Amino acid sequence: RMAWCSLVLLSFLLTAVSGNTAPFFNMTFVYVPEDLELGQHAFQLTAVDIDGDPLTYSISGPEAFYFSVDARTGNVTLRNSLDRELLARLTIIVTVFDGTNEAVSRKLTIIVEDRNDNAPVFQGLPYEASIPENMKLNSIIYTVFANDSDTGNASKVSYSIEEVIPDNTKNHWLFYILPNGNVVLNGSLDYAKNTFYQLQILAKDGGGLLHNVLTFQQSSTYLSLTIRDLPNLDPRFLNEPYSGSVTENCALGTTVLTVTAMDRDTGVNDEISYSITNASVPFAISATMGTITVSGPLDREQLPSEEVLLEVTAREKNLDIHGKVAQTSTVVAVMVTDVNDNKPQFYHCSLPSCDFSTSVQNNFRGNIIEHSSSRLPVSNLSIVAHDPDKGINSNYELYLQGPNASAFTVSPTKIVGTGEVQLLVQDPSSVDYEISHVMVVQIIANDTGNPTDCCSTAIVTIDLIDSNDHIPEFPQSTYNLSVMENSPAGTIISPNITAYDPDSGVLGQITYQLLPESIRKIFMVNATTGAVLVQNGSLLDRETRSIYYANLQAKDGGNLVGTTVLEITVLDDNDMAPIITGSYFISVEEGQNIRTQIQAIDNDEPGNRNSQLGFKILPGPFSNNFTINAATGEMHSKEPLDREALEDEQGQIVVTVEVYDHGVPQLSTSVNVTITVGDINDNAPMFLNQSYEFSVFEDSPGSFVGEVEATDADRTEINSRISFLLQRGNGSSNFLIRSSFLGPGHYSGQLFVDPDMSLDYDTLQQKFLSLVVLAQNTAANSVGDTADVLVVVHILDINDKPPTILSASLQDVHVKENGTQQGLVHTLVASDPDTNHSLVFEELAVACFKGASDAGEVCWDWFMLTPNGSVLVNSLDVDYELCDSVVLTLRAEDLYTEKGNRYSQNETLTILITDVNDNSPLFLPILQIFVVVPEISPVNLQVATVRATDADSGPRGTITFTIVSVMLVEDNGVSRPLENLFKVVTTPDQGSYVGSIQVASNLDGSLKGQYQLTVKAQDNEAPVHTAQTVLNIFTVDQSYRVRLQFLTTVDEVQSNSENIKLALTTATKAGVYVVAIRSVVDTRASQVEAKSVMEAYFVYSNGTALDVNQLTVLIQSSPSALAELVNLGLAII
């Protein structure tokens, strides 16, 4: 709809121009930041009064209480605090009064600008979760969400975990949080270690301005995690180890002890059942209570051990998380204690090999010689008494009964447990073979602690044995025997030498032994057969003793003795090695032969092969130089001896001679024959090299030139002494030579320039001198003991010319920035015409440039010049944007310069820094307000611009703009996205890039508000860098379209359109945007007869526009513009 304000005919217009005009506001909305402090300036009310009247301002309306206005100046200040999150847009009535006309009022929209005054707020608190202890790695545990009611970056929330309780140091890594608030498990949980975790989670916004300071808001909360226990652990027994006791023969069901097990998964605490896994034990266990009781008869004596070990298993009722039975075992030791329930019994056995599980014995039989001495035991009795009870319960007494009890006594009379029982003679006169061949006694074992079943009886029958009355006799009084010396132990000397005894039975049995006792160390006799054998062959040594005498004794069963004499001859064995007599040290002059006799003896038996000797030379360094007579031992050299052929400094030869016998096994002895060979002077000196070359600088009197060396093979100092001298000839007068001792037969000749002579390099046609050095043996007494060698001495030039840096190595060097190039980047090369030089490089100065401008000291440490000319990158901070060229001033130095200038000319090396893409585009500030009038904004119309720069060069700094998003922010604060409304065209402009924001499709003129465009700038070389900015384009909707009616035709208005727009701009100071010029279709509603109409918008650069009333007031306020418009045919607005 159009609002119309009629302009009456020219006479009215002129009248209106001449009167006082009411003021008007040229503002529709303002921005106020929400963090504005009370009393501070909020905005300025400005009204236009073309009459220049003093104006009075006021504000009203429900939302005016937030502000105060200075009535005179229009300065509006904040009276009550703003909060954009509660009220983003306010509307107040602003009024201006000029004192003459009626007060003018209009609505003013106040848009509250967001500031980062809100911290993120966690939603859905409290945060609690219960998770199983076997939760998998990287599982999402919980999702938190925090909302920030600010806008832009200030509303973007990021999350982090600040602390994990308990033991943050140990457990902080166990969890992490994603940008979307998902809390993720990063490790393994264990209910046994921790049943609860508390995570302090921090929410932080992206930052924004607050009181003109970049501020980041944050808040924190806690996520409580309860770890849910799962059955993954076996149970365990409490109070281990277990032990108890119970008496034998106790009643069935007697309680021994109780075991207790618990589920280690304390959060599960499964039901436990108990069982005994041993087979065939007289005990049982309560499956639910763990109480162990006696389940069968207990006889301690029948058990394998009085300590019974029970294996008890505790098993959980339910399977664990792996589907397996959760169980554990323990060992319970039960001690069965003894009661006195057994009497002693007799057994036929010997300790300790008795088996008391066999039947007991009550009858025993033994024997004894008549009239045996008192306390002598009865033989062949194996009686053991045993009571299986334990401790005091196994005490019992022994005594005798029966007709012959007085002739014997029992031993011992008291036993604890088990003991061997003997019968001893008490009355020898009663033990008489002639009275009775057999005697009988009863042994009584009485357990005094068990009166009901106390005793056992053993009947012993004793056979009496008759005594001895014959002496053994040998057939011969003497036996002659022989044995080989060193015979091994056990060697039989005589198979049997026997004696005769007519007694029967034991009394006639003979045993043999050798006397005296000392002979038994060497010989032995078989006690039964009488065979004589070697006891210790190592003691049989013919050379020590060749005959032994011994008595052979024969003893019968009654200890009657007979003897005979043994004469034992020791036979010879080859056990003596030859013995060499004398020592063998011989001295001889070289060039002579030697001869010597080796003397030796052998102590084996003379006249046989054991003592027959032979001689030989053993292999060695000199064994081939000598020979020896194998029978006589005479040794001599094969040829004359040479002292120089010997490596030994003393000139000694050692030859080893072996002397051996002919026995079996063969024995031998060796001796060293040492021959000292004396030296004679029979060798001439010899130089180590065939020739020598030395060099010496010119003009260096007394300088050392070089050293020659010679040796003399003679082995004594007098015969190997050498002296050196120069043979007269070419240049020899310029030099001296001195002899020096280096070692035996080894001398050096040190060559020097004569101190009185000076060599001139320039006057020498040949730059060297050839000398002949003689080596002479000072002990020589014959011609020919001299050697000579050629020595060439090169004369060297002195270093006196400066070096030069090669220009080819001074070419520009290219180096990439940011440390992408490291180490060696260039090598400088210099030359020096001197024959001997050592060149090093030196850096004198560094200059830094950015383009043609001096960049200061920024590059001073970027590069390093090493002495060998290597140019190295010395820093990671090489930055093209700070400095694109580095100029090194340098020179070369000859370290060997002796005269004159040692330095080259100063040169420069330019290092050009190559740019890499390391900078993001940077948007330049937008200082203007952009406005679009949809109705007159065709496609491709530019409605806004952005400008950005990139510090990089070339394609790296080339920027391309794109539109990321378009949001329409309506006047009521509602935002909604739009697509394909705008496009951007990129053009370069003097070091920066301009993005022309253009209309891409027809805009909707009915929309009220502003377009919010997010524009991205991107450079054009990998790695790509981007930046974004947001710009606002205010839209002027159709409610601001004004119709101007003209009395002239369409053609006339079109031809005068520029003049009309100029007059309108002069009156309003606004931009005039003509929508259309067309003929009037219907003028019945108007008071004039218009022929054409111009439809236009009047828009200011701040995005505000004029409505019909405001336009009328401004035109009326400019008489000259009003007169011009009337003259151009304007009739009605």
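Rundown of residues vs (1) within 22 Å of D648 (Cβ to Cβ); (2) in contact with a Phe, Trp or Tyr (Cβ under 6 Å, 6 or more places away or on another chain), yes/no style:
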position	(1), (2)
R721	yes, no
R728	no, no
S739	no, yes
G743	yes, no
P755	no, no
message: With the requirement that a residue be part of a strand (DSSP E or B) and either of a type in the set (S, T, N, Q) or without any contact (Cβ under 8 Å) to a residue 12 or more places away in the chain (or both), what does the range 21-71 give you?
response: Q44, T56, S58, S60, S68
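Here's the yes/no breakdown for (1) among the β-branched types (V, I, T); (2) closer than 18 Å to Q821 by Cα; (3) surrounded by 21 or more Cβ atoms within 10 Å (Cβ to Cβ); (4) assigned by TED's automatic domain parsing to the domain that holds N906:
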position	(1), (2), (3), (4)
F841	no, no, yes, yes
A845	no, no, no, yes
F863	no, yes, yes, yes
S870	no, yes, no, yes
V873	yes, yes, no, yes
L876	no, yes, no, yes
E881	no, yes, no, yes
- prompt: Is it fair to say D355 is closer than 27 Å to G449 by Cβ, touching a Gly at 6+ places or on another chain (Cβ under 7 Å) and acidic (D, E)?
  reply: no
task: Would you mention how many residues in the range 791-807 are assigned to a loop (DSSP other than H, G, I, E, B) and within 30 Å of Q727 (Cα to Cα)?
output: 2
task: For the range 363-375, name all the residues that are within 15 Å of S456 (Cβ to Cβ) and surrounded by 14 or more Cβ atoms within 10 Å (Cβ to Cβ).
output: F364
query: Of everything in the range 588-607 that's part of a strand (DSSP E or B) and either at pLDDT 85 or above or in contact with a helix residue (DSSP H, G or I) (Cβ under 8 Å, 6 or more places away or on another chain) (or both), which residue is nearest to R542 (Cα to Cα)?
result: I601
message: Please go through the range 495-525 and give me each residue that is farther than 16 Å from L560 by Cβ and free of Cβ contacts under 8 Å to residues at least 24 places away in the same chain, ordered by number.
response: E517, S518, R520, K521, M524
task: Could you identify the single residue in I722, I680, I675, I737 that is more than 60 Å from the chain's Cα centre (by Cα), within 30 Å of I580 (Cα to Cα) and surrounded by 14 or more Cβ atoms within 10 Å (Cβ to Cβ)?
output: I675
- prompt: Of all residues in the range 305-354, how many are small (G, A, S), touching a residue at least 12 places away in the same chain (Cβ under 8 Å) and over 29 Å from N446 (Cβ atoms)?
  reply: 4
- line: Filtering the range 594-617 down to residues that are in contact with a His (Cβ under 9 Å, 6 or more places away or on another chain) and loosely packed, with under 12 Cβ neighbours inside 10 Å yields R595
query: Which one of D453, D447, D432 is in contact with a Ser or Thr (Cβ under 9 Å, 6 or more places away or on another chain) and charged (D, E, K, R)?
result: D447
message: Looking for something in contact with a helix residue (DSSP H, G or I) (Cβ under 9 Å, 6 or more places away or on another chain), at pLDDT 85 or above and not hydrophobic (A, V, I, L, M, F, W, C) - is there at least one such residue anywhere in the range 747-761?
response: yes
field: Boolean, V438 is farther than 30 Å from D575 by Cβ and surrounded by 14 or more Cβ atoms within 10 Å (Cβ to Cβ)
entry: no
query: Could you count how many residues in the range 936-955 are under 60 Å from the mean Cα position of the chain (by Cα) and of a type in the set (A, V, I, L, M)?
result: 4
message: Just to check your reading of the model, which residue among V332, V336 is within 30 Å of T277 (Cβ to Cβ), at pLDDT 90 or above and either surrounded by fewer than 15 Cβ atoms within 10 Å (Cβ to Cβ) or of a type in the set (A, V, I, L, M) (or both)?
response: V332
query: If you check N239 against the conditions, is it closer than 30 Å to A326 by Cβ and surrounded by 15 or more Cβ atoms within 10 Å (Cβ to Cβ)?
result: no
- prompt: For residues in the range 253-279 being aliphatic (A, V, I, L, M) and touching a Pro at 6+ places or on another chain (Cβ under 8 Å), which is surrounded by the fewest Cβ atoms within 10 Å (Cβ to Cβ)?
  reply: M262
- line: Residue set E301, E306, E316; condition out of contact with any Leu (no Cβ under 9 Å at 6 or more places or on another chain), surrounded by 15 or more Cβ atoms within 10 Å (Cβ to Cβ), under 30 Å from D234 (Cα atoms) and not hydrophobic (A, V, I, L, M, F, W, C); output residue E316
- line: Residues in the range 400-429 that are assigned to a strand (DSSP E or B) and either more than 20 Å from N342 (Cβ to Cβ) or acidic (D, E) (or both) total 11
statement: Residue hits (the range 708-737; without any contact (Cβ under 8 Å) to a residue 60 or more places away in the chain, under 14 Å from V792 (Cβ atoms) and out of contact with any helix residue (DSSP H, G or I) (no Cβ under 7 Å at 6 or more places or on another chain)) are G729, N730, S732, N734, F735
message: Quick check on this structure: which one of Y1073, Y1097, Y1011 is hydroxyl-bearing (S, T, Y), modelled with pLDDT under 90, closer than 22 Å to S965 by Cβ and not in a loop (DSSP other than H, G, I, E, B)?
response: Y1011
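Every residue, every condition in (1) closer than 29 Å to V974 by Cα; (2) over 60 Å from the mean Cα position of the chain (by Cα); (3) outside the structural domain of D1107 (by TED's automatic domain parsing); (4) buried (at least 17 other Cβ atoms within 10 Å of the Cβ), yes or no:
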| site | (1), (2), (3), (4) |
| --- | --- |
| V1015 | yes, no, yes, yes |
| D1019 | no, no, yes, yes |
| K1061 | no, yes, no, no |
| T1068 | no, yes, no, yes |
| V1074 | no, yes, no, yes |
| K1091 | no, yes, no, yes |
| M1094 | no, yes, no, yes |
query: Residues of the range 914-945 being modelled with pLDDT of 90 or more and in contact with an Asp or Glu (Cβ under 6 Å, 6 or more places away or on another chain), which ones?
result: P921
message: Anything in the range 642-674 that is at pLDDT below 85 and either part of a loop (DSSP other than H, G, I, E, B) or aromatic (F, W, Y) (or both)? List them, or say none.
response: D642, L646, E647, D648, E649, Q650, G651
task: Within the range 499-530, track down each residue that is β-branched (V, I, T), at pLDDT 90 or above and closer than 11 Å to L552 by Cβ.
output: V525
- request: Run G99 past the list (1) closer than 19 Å to I50 by Cα; (2) without any contact (Cβ under 8 Å) to a residue 40 or more places away in the chain and report the number of the one that doesn't hold.
  value: (2)
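The values are calculated or read from the model by the stated rules, or taken from the named source; none is laboratory data. Given the structure is predicted, the values throughout are model-derived calculations rather than measurements. Every residue, glycine among them, receives a Cβ derived from its backbone with ideal geometry; neighbour counts consider all protein chains shown.
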